[in-house]
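The values are calculated or read from the model by the stated rules, or taken from the named source; none is laboratory data. None of the values given here were measured: they were computed from a predicted structure. Here the Cβ is made from the backbone with ideal geometry for all residues, glycine too, and neighbour counts use every protein chain on show. In case anyone asks, the SASA skips ligands and DNA or RNA and just uses the protein heavy atoms, side chains included. Shrake-Rupley method; radii C 1.70, N 1.55, O 1.52, S 1.80 Å.
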Amino acid sequence: MSKFQKVKIGEQELAIKFGFSALSIFEKDTGEAVASISKYGDQLPVHIAISLIYAGLKDGARSAKSEFKLTKEDIGDLLDEDIDGLTRVLKIFGDMMGKNTKKKIKTIK
């Protein structure tokens, strides 16, 4: 089980995790597969970004065994204060997703 990380957005330091629970939350919320995020490139729609952050923070709080009270509107307000928070979250998302795809595959000779 991968562990959560901490991310600072605005004045808050929050637990974040992009495990299968977060991915499920995101897909249910948006109706989009997580894999579809890459199709947006650097033109990620705001509602997709907020849903991704929401899912990661909700799963992070669960993993950290802390209460999660943020709404998507709260996340929007945090990003209003600190737009670079989005960049930090997307880096964590990429790092966590990369860990799941970088497993070495042994070849049979």
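Take the conditions more than 17 Å from residue 72 (Cβ to Cβ) and among the aromatic types (Phe, Trp, Tyr) and apply them to residue 20. Does it pass? Spelling it out, residue 20 is indeed more than 17 Å from residue 72 (Cβ to Cβ) and among the aromatic types (Phe, Trp, Tyr). I need a count of the residues in segment 39-49 that are within 14 Å of the chain's Cα centre (by Cα) and under 16 Å from residue 94 (Cα atoms). Total satisfying the criteria: 3. With respect to the conditions (1) open to solvent by 20 Å² or more (accessible area, probe 1.4 Å); (2) in a helix (DSSP H, G or I), residue 96 lacks only one, and its number is (1).
Considering only helices (runs of 4 or more DSSP H) fully contained in segment 1-93, which possess at least 2 residues that are modelled with pLDDT of 95 or more and of a type in the set (Gly, Ala, Ser)?
20-30, 46-64
Can you spot a residue in segment 52-75 that is in contact (Cβ under 8 Å) with a residue 24 or more places away in the chain and farther than 14 Å from residue 16 by Cβ? No, because not a single residue in segment 52-75 is in contact (Cβ under 8 Å) with a residue 24 or more places away in the chain and farther than 14 Å from residue 16 by Cβ.
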